[in-house]
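Participant: Okay, handing you the structure first.
The values are calculated or read from the model by the stated rules, or taken from the named source; none is laboratory data. Computed from a predicted structure; not experimentally measured. When we count neighbours, we look across all protein chains shown, and the Cβ atoms used for this are built from the backbone with ideal geometry, even at glycine. We work out accessible area using only protein heavy atoms, side chains counted, and drop any ligands, DNA or RNA first. Shrake-Rupley method; radii C 1.70, N 1.55, O 1.52, S 1.80 Å.
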Amino acid sequence: MVDFSLTEEQTSLQEMARKFARSEMLPRAAECDKNSRFPEEVYRKAWELGLMNLNVPSDFGGSGLSLLDQVLIVEELARACAGMTTSILANCLALEPILIGASPEQKQRLLAPFCASFHLASFCLTEPAGGSDAGALTTRARRDGDAYVLDGEKCFITNAPHASLYTVFATVDPALRHRGITAFVVPRSAEGLSTGKDEDKMGHRASATSTVRFEGVRVPVDDRLGAEGDGFSIAMRTLDQTRTPIGAIALGIAQAALGYAGEYALQRHTFGKPIAEHQAIQLKIADMAQAVHASRLLVWHAAWLIDHGRKGTLESSIAKCFASDAAMRVADEAIQIFGGYGYMRDYPVEKLLRDAKLTQIYEGSNEIQRIVIAREQLKGAA
Amino acid sequence: MEIVVCIKPVPDAETRLRANPAGTALDGEGVKWALAGYDESAVEQALLLKEANPGSRVRAVSFGPAPRTEEVLRAALALGADGATFLEHPAEVVPDPLLAARAVAAHLGRATWDLVLVGKQAGDDEAGLFGGALAELVDAPSFGGVMALTYDASARRFTFRRSVEGGAEAAEVPGRAVLALQQAWNDPRTAKLPNILKSRRATIDKVAWATTAGALGPLGTPTTQSVGFRLPAPRSGAKMIDYRTPEEAAEKLVRLLQEEAKVFP
């Protein structure tokens, strides 16, 4: 049987996230977007309330939520501000490799500080010359006694200027391609680690993004996650977990766009009646509602599958790809419904389009998602 | 110190309200209930007192219909209350502030407590009867509109402020008291996610209606009765201004205010 009803627990998580989003995030969203300000006070409060580190099990002091619980929360947060949501979620992404690849001792040592006080972590996979082709990364890790020496550069790293810990993917031998990739954790204090300028982005401007450089950074063997060569698999398994919440960010953006558009259409009059009574607008609203509804079902379903022990590669890729494409269309139509006002920064909808764009690109571009979807689909056809 | 905080579910500010078919009361169907307003302030005050006085415990108590009453008790647990007591209120018993006070007083007679905090009035009917009635029934002093409550353990005294016409009054009360809290002066906290999860699994102590009814004896006639319930009529008379620029809108508005509304010359 299929059961789409949320438990009382889930409803209260959703309500709590909605309340936080409305009272803490939404009032700051336009200002942080305009000034590209990283609202640390919001992130601290999110941490205090347990809205960060959602995926860290309660044994280590985290919230230990199921993926379905997580996406319910993420949608609510992203409705208020996708950029802030990206920064809030960055810890989940950066800590997931530890959950997947670390030894019990490492987990205790590395995760506990994040749950004891406010800290940010960054996931460092993408490089200037290679994003989607993760197997081709060039950051080197050379073994030197009981340590590795890291050299290279990562780019587009969320929260990097503010992080205290970095999960880094580097290769012990580029000739081995993905079999050479190894995962490490590197504290900010490590000598030779530096971050670049905060990038001036199109959207998600409340989130900070920069390069991270490694110049002869010594990393003790104790800070390697898994064995040499496990890195690629750790990275891919991490993305299998975090892809669905990206779909939920896109869903939140689309839901916000639909909400604003509906409200505006009821209140704006042309030709003597609210524009919501014009069929041209109704058709738009209907298409937008379909896109949002379908996105939500796909996101929930992917999360449910993963919670039930399936890999969910196909379904999470579909959810991420569909929801982010839908968010673009829905945000675009919301601007169209607002007309000239929608194009103005004084109104909230143009930000949604700029924010939606990134969801088609990050954590696996939609082209990569389509490759994955096709591959998974054709497996079944053979 | 044992602090009891009495709360009641009220319709959430965002829920849509409508009258029941008989037009005598709110139709509870589909209404979202919440811990809100004065009660939220009371819970916050109880938690602040607990934090300032280590070893204190906060117990939320509510007399009302299931399941909404259990929901607000869980909300209080999520905020930090140590325990919750649900006094059952069967649907066939007419809701009445005095009956609520009698039911809670009967319960308090079986419990240990040093202080009872309540909202000054409920966020829905705003009756403001419960706190005073409860104080009378448990024979304790009572104040309304209380803010910034502190406890002096050595003198066993509560001190607080009250807003009064034109200023504030400082007051103190020794020992057991029933204090009714002013709204929104203490910035009620948000429940933390792990506490929300814990509150869902927490046990709520349930007092069966039979127990309460047994302690109360004959219920008598309700002291208050709702005879009519109507929503405010939609407002009319609004004038929409057509404009192209904000300047034009302001100009037209000023003219209307001067010439039609005669707000200023």
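Participant: Note down the relative contact order for chain A as a percent, whole number, built from C-alpha pairs under 8 angstrom at least six residues apart.
Facilitator: Details: 751 pairs, mean separation 61.8, N = 382.
The normalised contact order for chain A reaches 16 percent.
Participant: Something else about it: Treat each spin label as a single point 7 Å out from the Cα along the C-beta direction, and report the A:Glu48 to A:Gln108 distance in nm.
Facilitator: A separation of 3.1 nm, rounded to one decimal place.
Participant: Using θ = phi - 60° and the Karplus form 6.51 cos²θ - 1.76 cosθ + 1.60, what ³J(HN,Hα) does each residue of the range A:191-208 get, whole Hz, x for Gly and Pro?
Facilitator: Taking θ as phi minus 60°, the curve returns 5, x, 9, 9, 10, x, 5, 5, 5, 8, 9, 5, x, 6, 7, 7, 9, 9 Hz for the range A:191-208.
Participant: Let me ask you something else. Out of residues 5 or more away from A:Gly192 or on other chains, whose amide H comes under 5 Å of its own, with H placed 1.01 Å from N in the peptide plane?
Facilitator: The answer is none.
Participant: Restricting to the protein assembly as shown, what percent of DSSP beta bridges are antiparallel, rounded to 5?
Facilitator: Details: 46 of 77 bridges.
In the protein assembly as shown, approximately 60 percent of DSSP beta bridges are antiparallel ones.
Participant: Which is the longest stretch in chain B that no exposed loop site breaks, taking sites as GluC sites (Glu not before Pro) with a DSSP loop state and at most 10 other Cβ atoms within 10 Å? Don't skip to the end; give the middle numbers.
Facilitator: On the way: sites that count: B:Glu14, B:Glu29, B:Glu92, B:Glu165, B:Glu260.
With a cap of 10 other Cβ atoms within 10 Å, the longest stretch comes to B:166-259.
Participant: To continue, here is another question. Note down the net charge around A:Asn366, summing +1 for each Lys or Arg and -1 for each Asp or Glu among other residues with Cβ under 9 Å from its Cβ.
Facilitator: Working: positive: A:Lys320, A:Arg370; negative: A:Asp325, A:Glu367.
With Lys, Arg at +1 and Asp, Glu at -1, the neighbours total 0.
Participant: Here's something else I'd like to know. Helix-only mean residue ellipticity at 222 nm, chain A, DSSP H runs n ≥ 4 weighted -39,500 (n - 2.57), per residue, nearest 500. What is it? Spell out each step's value before the answer.
Facilitator: On the way: 12 runs with 202 residues, N = 382.
The helix-only estimate for chain A comes to -17500 deg cm²/dmol at 222 nm.
Participant: Another one. Rounded, prolate or oblate: which fits chain A, taking a ≥ b ≥ c as square roots of the Cα gyration tensor eigenvalues, rounded meaning a/c under 1.5, else prolate when a/b beats b/c?
Facilitator: Values: a/c = 1.83, a/b = 1.68, b/c = 1.09.
In terms of gyration-tensor shape, prolate.
Participant: In peptide A:8-20, how many Cβ atoms from other protein chains are near each Cβ within 10 Å, on average?
Facilitator: 4
Participant: Calculate one ³J(HN,Hα) per residue across the range A:108-120 by plugging θ = phi - 60° into the Karplus curve 6.51 cos²θ - 1.76 cosθ + 1.60, and present them in order as whole Hz with x for glycine and proline.
Facilitator: With coefficients 6.51, -1.76 and 1.60, one gets 4, 5, 8, 7, 3, x, 5, 8, 7, 8, 6, 9, 10 Hz.
Participant: Taking 22 Å as R0, compute the FRET efficiency from the Cβ-Cβ separation of A:Phe271 and A:Tyr343 and round it to 0.05. Provide the component values of the computation, followed by the final result.
Facilitator: On the way: r = 21 Å, r/R0 = 0.98.
Taking R0 as 22 Å, the efficiency between A:Phe271 and A:Tyr343 is 0.55.
Participant: Another one. Can you return the lysines within cross-link range of A:Lys273? Criterion is Cα-Cα under 30 Å, with same-chain partners fewer than 8 residues away left out.
Facilitator: Answer for A:Lys273, where 30 Å is the Cα cut-off: A:Lys284, A:Lys351, B:Lys239, B:Lys252, B:Lys262, listed by chain and number.
Participant: Could you rank B:Phe143, A:Phe156 by how accessible they are, 1.4 Å probe, largest area first? Don't skip to the answer; put the middle values down first.
Facilitator: Details: B:Phe143 65, A:Phe156 140 Å².
Listed by decreasing accessible area, they come as A:Phe156, B:Phe143.
Participant: Go through the range A:236-251 residue by residue and turn each phi into a ³J(HN,Hα) via Karplus (6.51, -1.76, 1.60, θ = phi - 60°); whole Hz please, and just put x for glycine and proline.
Facilitator: 5, 5, 4, 5, 4, 7, 9, 5, 5, x, 5, x, 5, 4, 4, 4
Participant: I would also like to ask the following. First measure r as the distance between the Cβ atoms of B:Thr211 and B:Ala52, then evaluate 1/(1 + (r/R0)^6) with R0 = 25 Å and state the FRET efficiency to the nearest 0.05.
Facilitator: Values: r = 34 Å, r/R0 = 1.35.
Once rounded, the FRET efficiency stands at 0.15.
Participant: State the Cα centre-to-centre distance between the range B:189-205 and the range A:272-341 in whole Å.
Facilitator: Spelled out, the Cα-based centre of one part sits 33 Å from the other.
Participant: Can I ask one more? In whole percent, what relative contact order does chain B give with Cα contacts below 8 Å and a gap of six or more residues? Before the final figure, lay out each step's value.
Facilitator: Working: 495 pairs, mean separation 63.0, N = 265.
With pairs under 8 Å counted, the relative contact order is 24 percent.
Participant: Also, quick follow-up: Would you please give the residues with an amide H less than 5 Å from that of A:Ser122, counting only those at least 5 places away or on a separate chain, with H modeled from the backbone geometry?
Facilitator: A:Leu165, A:Tyr166, A:Thr167
Participant: Suppose each label sits 7 Å from its Cα in the direction of the beta carbon; what would the A:Thr138-A:Glu8 distance come out to in nanometres?
Facilitator: In this crude label model, A:Thr138 to A:Glu8 measures out at 5.9 nm.
Participant: List the residues, sorted by chain then number, that are 5 or more residues from A:Gly130 or on another chain and whose placed amide H is less than 5 Å from its amide H.
Facilitator: Counting only residues 5 or more places away or on other chains, the set is empty.
Participant: Relative contact order for the range A:233-381 using alpha-carbon pairs under 8 Å, separation at least 6, rounded to a whole percent? Show your work: numbers first, answer last.
Facilitator: On the way: 191 pairs, mean separation 48.0, N = 149.
It rounds to 32 percent for the range A:233-381.
Participant: While we're looking at this one, here's another question. Filter the trypsin sites (Lys or Arg not before Pro) in the range A:158-222 down to the DSSP loop ones having no more than 14 other Cβ atoms within 10 Å, then list what survives.
Facilitator: Values: sites: A:Arg177, A:Arg179, A:Arg188, A:Lys197, A:Lys201, A:Arg205, A:Arg213, A:Arg218; in loops: A:Arg188, A:Lys197, A:Lys201, A:Arg205.
For trypsin sites (Lys or Arg not before Pro) across the range A:158-222 that sit outside H, G, I, E and B with at most 14 neighbouring Cβ atoms in 10 Å, the list reads A:Lys197.
Participant: Residue separation times 0.36 nm, minus the C-alpha to C-alpha distance between B:Thr112 and B:Asp187: what's the value?
Facilitator: Numbers: separation 75, 0.36 × 75 = 27.00 nm, distance 2.86 nm.
Length difference between fully extended and current span is 24.1 nm.
Participant: Report the trypsin sites (Lys or Arg not before Pro) located in the range B:224-265 that are in a DSSP loop and have at most 14 other Cβ atoms inside 10 Å of their Cβ, or state none.
Facilitator: Numbers: sites: B:Arg230, B:Arg235, B:Lys239, B:Arg244, B:Lys252, B:Arg255, B:Lys262; in loops: B:Arg230, B:Arg235, B:Lys239, B:Arg244, B:Lys262.
Taking the range B:224-265 and a limit of 14 other Cβ atoms within 10 Å, the loop trypsin sites (Lys or Arg not before Pro) found are B:Arg230, B:Arg235, B:Lys239, B:Arg244, B:Lys262.
Participant: As a test of reading the structure, rank A:Tyr343, B:Tyr243, A:Tyr148, A:Tyr362 by solvent-accessible area (1.4 Å probe, protein chains only), most first.
Facilitator: Numbers: A:Tyr343 175, B:Tyr243 115, A:Tyr148 0, A:Tyr362 35 Å².
Correct descending sequence by accessible area is A:Tyr343, B:Tyr243, A:Tyr362, A:Tyr148.
Participant: Return the distance in nm (one decimal) between the two label points of a simple spin-label model at A:Arg37 and A:Ala175, each offset 7 Å from Cα along Cα→Cβ.
Facilitator: In this crude label model, A:Arg37 to A:Ala175 measures out at 5.4 nm.
Participant: What percent antiparallel are the DSSP beta bridges of chain A, to the nearest 5?
Facilitator: Working: 30 of 35 bridges.
Taking every DSSP beta bridge with both residues in chain A, the antiparallel ones total about 85 percent.
Participant: Chymotrypsin sites (Phe, Trp or Tyr not before Pro), restricted to the range A:212-299: which are DSSP loop and have at most 10 other Cβ atoms within 10 Å? Don't jump to the answer; show the numbers that get you there.
Facilitator: Values: sites: A:Phe214, A:Phe232, A:Tyr260, A:Tyr264, A:Phe271; in loops: A:Phe271.
Those satisfying the criteria are A:Phe271.
Participant: Same structure, new question: Kindly identify the range B:2-216 as rounded, prolate or oblate by the Cα gyration tensor criterion: order the square roots of the eigenvalues as a ≥ b ≥ c, call it rounded if a/c is under 1.5, otherwise compare a/b with b/c, prolate if a/b is larger, else oblate.
Facilitator: Values: a/c = 1.38, a/b = 1.37, b/c = 1.00.
It is rounded, given that a/c, with a ≥ b ≥ c, falls under 1.5.
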